[in-house]
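Q: After the structure tokens below, expect a handful of questions from me.
The values are calculated or read from the model by the stated rules, or taken from the named source; none is laboratory data. Quick caveat, the model's predicted, so the values are computed rather than measured. Reconstructed Cβ throughout: ideal geometry from the backbone, glycine too, with neighbour counts over all protein chains shown.
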Amino acid sequence: MAAGGGPVTGTVPRLSPTTVDVAHRPDTVRILHLGPGAFHRAHQAVFTEDAGGDWGICGVTQRSPAVVDQLRPQDCLFTVLERSHTATSCRVVGTIRDVLFARSEPERLRTRFTDPEVRIVSLTVTEKGYHPDSGVITQLVDGLAARRATSGAPVTVLSCDNLTGNGNVVRSRVLDACARLPHGDALAAWVADHVRFPSTMVDRIVPATTDADRAEVRAALGVADEAVVVGEPFRQWVIEDDFAAGRPAWEAVGAQLTTDVAPYEAVKLRMLNGTHSLLAYRGALAGYDTIAEAVADPALADEAVKLMEHDVLPTLTVPDDVDITAYRKQVLERFANPALRHRTTQVAMDGSQKLPLRLLGTIRDRLAAGAMPVRAVRAVAAWMVYVAVGADRHGRPLPLDDPLAERLRAAAGAADAPRVIVDGLLSVGEVFGEDLPDHAALRAALVESVAELLARVADVR
């Protein structure tokens, strides 16, 4: 409930411990989180609060002070606006106790890294954040080196991004970075003995927050919250149980601890994320603003179903405790939630980083089995047309928010020549590797699908 006092935004007080009641506020920072964006706040921060105990979080933002500017005036409180098909609820979360901007506060960051009370360093930095030369990897290695030089206390590095074997990926990136340092062998040896890198699988749909969302929280709680995040009711977290220095009791509040995350991860990346990308690119080209609008199109819903049933399912080893038929149905039900207003262009971001994980693994596995994964190919073709044309069927521009944007647009060449588009984009090795460009049947199928999609866009425009 809102109360009086506290900083004021216009005529409405700002969210703070004096203007709302907070159920749980840990005293001690034990988790250092790199990338405290919307997904972390709607997922791991909520799981951690529900688990209870003294597990406060310090969020570290790398690229911009925006999250610091949102959270710090609110004593790091924020609201999760949960939207189902029929209801909306507001929840104020108090697990984050500190936030800092790494670029302008390096000493504070070093102090957090070296603090033996910090038991976990977690990450949500998106797929592109794991590039070997990324600032995140450098930041992580510098922090581990400082920890070794001071307390030497063991720590767990916990990746929560959509990467196959994300724990193994971050371990490999860290050790590779150590090898490039003048005295990196000693640091690598310490990391091997004192640092754990469990893999995880995370799932919750978290669309971008809008002014309307902030206004809804203001009306519901009577306070202004500049750090609102929006999420669906569903949430899932599968975690490899390999921690160096303890962890919250996440399993008590719905997280699943396991010895092998890989099969759960493959189900989610290929079935849910792959279908999400299909709907994002096909939907955006068709002029749909949201994923819910796209899946309401019978033709696109049929494509989504057939992608999961005919292309993805044969490539999976489904865990014994997963009802895959129910899972497939649930995926489409979640996507159909109109209250989320999850934009197709948001899901379409960073396609060069996402396609290898979400669709190309499925394509490789089906080709190896002698089958052509028609719907997965069409999804990749839709991405190619999205890149090449940059507009939907109504002529509205489609943003290409991708770390390889300039290179992709140049590779796509003529926007009305299917073979030029396919040949150019297949040549981008960071996306398609060396094997897929040499597969003649795949290339032909992509050219056919690109031509079909270009004709649809041109016919309406």
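Q: Could you tell me whether residue 95 is in the same structural domain as residue 227 (by TED's automatic domain parsing), surrounded by fewer than 19 Cβ atoms within 10 Å (Cβ to Cβ) and either of a type in the set (S, T, N, Q) or free of Cβ contacts under 8 Å to residues at least 12 places away in the same chain (or both)? It would help to see each step written out before you state the result.
A: Details: in the same structural domain as residue 227 (by TED's automatic domain parsing): yes; surrounded by fewer than 19 Cβ atoms within 10 Å (Cβ to Cβ): no; either of a type in the set (S, T, N, Q) or free of Cβ contacts under 8 Å to residues at least 12 places away in the same chain (or both): yes.
Criteria not met by residue 95.
Q: Out of 171, 204, I need the residue that is at pLDDT 95 or above, touching a helix residue (DSSP H, G or I) at 6+ places or on another chain (Cβ under 7 Å) and surrounded by fewer than 22 Cβ atoms within 10 Å (Cβ to Cβ). Which one? Explain how you work it out, then say what you get.
A: Details: 171 fails: touching a helix residue (DSSP H, G or I) at 6+ places or on another chain (Cβ under 7 Å).
Step by step, each of 171, 204 is checked, and only 204 is at pLDDT 95 or above, touching a helix residue (DSSP H, G or I) at 6+ places or on another chain (Cβ under 7 Å) and surrounded by fewer than 22 Cβ atoms within 10 Å (Cβ to Cβ).
Q: In this structure, is residue 399 closer than 18 Å to residue 430 by Cα, assigned by TED's automatic domain parsing to the domain that holds residue 287 and assigned to a loop (DSSP other than H, G, I, E, B)?
A: no
Q: To continue, here is another question. Scan region 235-282 residue by residue and report those that are without any contact (Cβ under 8 Å) to a residue 40 or more places away in the chain and either of a type in the set (S, T, N, Q) or in contact with a helix residue (DSSP H, G or I) (Cβ under 6 Å, 6 or more places away or on another chain) (or both). Walk me through it before giving the result.
A: Residues of region 235-282 without any contact (Cβ under 8 Å) to a residue 40 or more places away in the chain: 236, 238, 251, 256-260.
Result: 236, 238, 256, 257, 258, 259.
Okay, residues lined up against (1) in contact with a Leu (Cβ under 9 Å, 6 or more places away or on another chain); (2) farther than 26 Å from residue 162 by Cβ; (3) not acidic (Asp, Glu):
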site: 344; (1), (2), (3): yes, no, yes
site: 347; (1), (2), (3): yes, no, yes
site: 353; (1), (2), (3): yes, no, yes
site: 370; (1), (2), (3): no, yes, yes
site: 375; (1), (2), (3): yes, no, yes
site: 401; (1), (2), (3): no, no, no
site: 408; (1), (2), (3): yes, no, yes
site: 431; (1), (2), (3): yes, no, yes
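Q: At pLDDT 95 or above, within 24 Å of the chain's Cα centre (by Cα) and charged (D, E, K, R): does that describe residue 392? Explain how you work it out, then say what you get.
A: Details: at pLDDT 95 or above: yes; within 24 Å of the chain's Cα centre (by Cα): no; charged (D, E, K, R): yes.
Criteria not met by residue 392.
Q: Has region 181-189 got any residue that is under 22 Å from residue 113 (Cβ atoms), touching a Lys or Arg at 6+ places or on another chain (Cβ under 7 Å) and of a type outside the set (S, T, N, Q)? Spell out the reasoning first.
A: Taking region 181-189 as the starting set, the residues that turn out to be under 22 Å from residue 113 (Cβ atoms) are 181-189.
Those still in the list that are touching a Lys or Arg at 6+ places or on another chain (Cβ under 7 Å) too: 187.
Remaining after also requiring of a type outside the set (S, T, N, Q): 187.
Within region 181-189 (the criterion being under 22 Å from residue 113 (Cβ atoms), touching a Lys or Arg at 6+ places or on another chain (Cβ under 7 Å) and of a type outside the set (S, T, N, Q)), the answer is yes, since at least one residue qualifies.
Q: Collect the residues in region 373-405 that are crowded, with 19+ Cβ neighbours inside 10 Å and among the small types (Gly, Ala, Ser), keeping them in residue-number order.
A: 376, 379, 381, 382, 388
Q: Follow-up. Give the residue, chosen from 392, 423, 416, that is within 17 Å of residue 278 (Cβ to Cβ) and charged (D, E, K, R).
A: Values: 423 fails: within 17 Å of residue 278 (Cβ to Cβ); 416 fails: within 17 Å of residue 278 (Cβ to Cβ).
Result of the check over 392, 423, 416: 392.
Q: Filter region 436-447 for residues that are touching a residue at least 24 places away in the same chain (Cβ under 8 Å) and surrounded by 12 or more Cβ atoms within 10 Å (Cβ to Cβ); which is nearest to the chain's Cα centre (by Cα)? Break it down stepwise before answering.
A: We begin by selecting, within region 436-447, every residue touching a residue at least 24 places away in the same chain (Cβ under 8 Å); these are 436, 439, 441-442, 445-447.
From what's left, surrounded by 12 or more Cβ atoms within 10 Å (Cβ to Cβ): 436, 439, 442, 445-447.
On the way: 436: 26, 439: 30, 442: 28, 445: 30, 446: 27, 447: 30 Å.
Checked region 436-447; the qualifying residue nearest to the chain's Cα centre (by Cα) is 436.
Q: Can you tell me which of 425, 408 is surrounded by 19 or more Cβ atoms within 10 Å (Cβ to Cβ), in the same structural domain as residue 455 (by TED's automatic domain parsing) and in contact with a Phe, Trp or Tyr (Cβ under 8 Å, 6 or more places away or on another chain)? Don't jump to the end; show me each part of the working.
A: Working: 408 fails: in contact with a Phe, Trp or Tyr (Cβ under 8 Å, 6 or more places away or on another chain).
Matching residue, one of 425, 408: 425.
Q: Can you find a residue that is at pLDDT 95 or above, crowded, with 21+ Cβ neighbours inside 10 Å, of a type in the set (Asp, Glu) and closer than 23 Å to residue 83 by Cα anywhere in region 232-255?
A: Within region 232-255 (the criterion being at pLDDT 95 or above, crowded, with 21+ Cβ neighbours inside 10 Å, of a type in the set (Asp, Glu) and closer than 23 Å to residue 83 by Cα), the answer is yes, since at least one residue qualifies.
Residues are listed down the side, and each one gets a yes or a no for (1) touching a Pro at 6+ places or on another chain (Cβ under 6 Å); (2) under 17 Å from residue 45 (Cα atoms); (3) in the same structural domain as residue 240 (by TED's automatic domain parsing); (4) not acidic (Asp, Glu):
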{"residue": "186", "(1), (2), (3), (4)": "no, no, yes, yes"}
{"residue": "193", "(1), (2), (3), (4)": "no, no, yes, no"}
{"residue": "197", "(1), (2), (3), (4)": "no, no, yes, yes"}
{"residue": "203", "(1), (2), (3), (4)": "no, yes, yes, no"}
{"residue": "206", "(1), (2), (3), (4)": "no, yes, yes, yes"}
{"residue": "210", "(1), (2), (3), (4)": "no, no, yes, yes"}
{"residue": "215", "(1), (2), (3), (4)": "no, no, yes, yes"}
{"residue": "220", "(1), (2), (3), (4)": "no, no, yes, yes"}
{"residue": "223", "(1), (2), (3), (4)": "yes, no, yes, yes"}
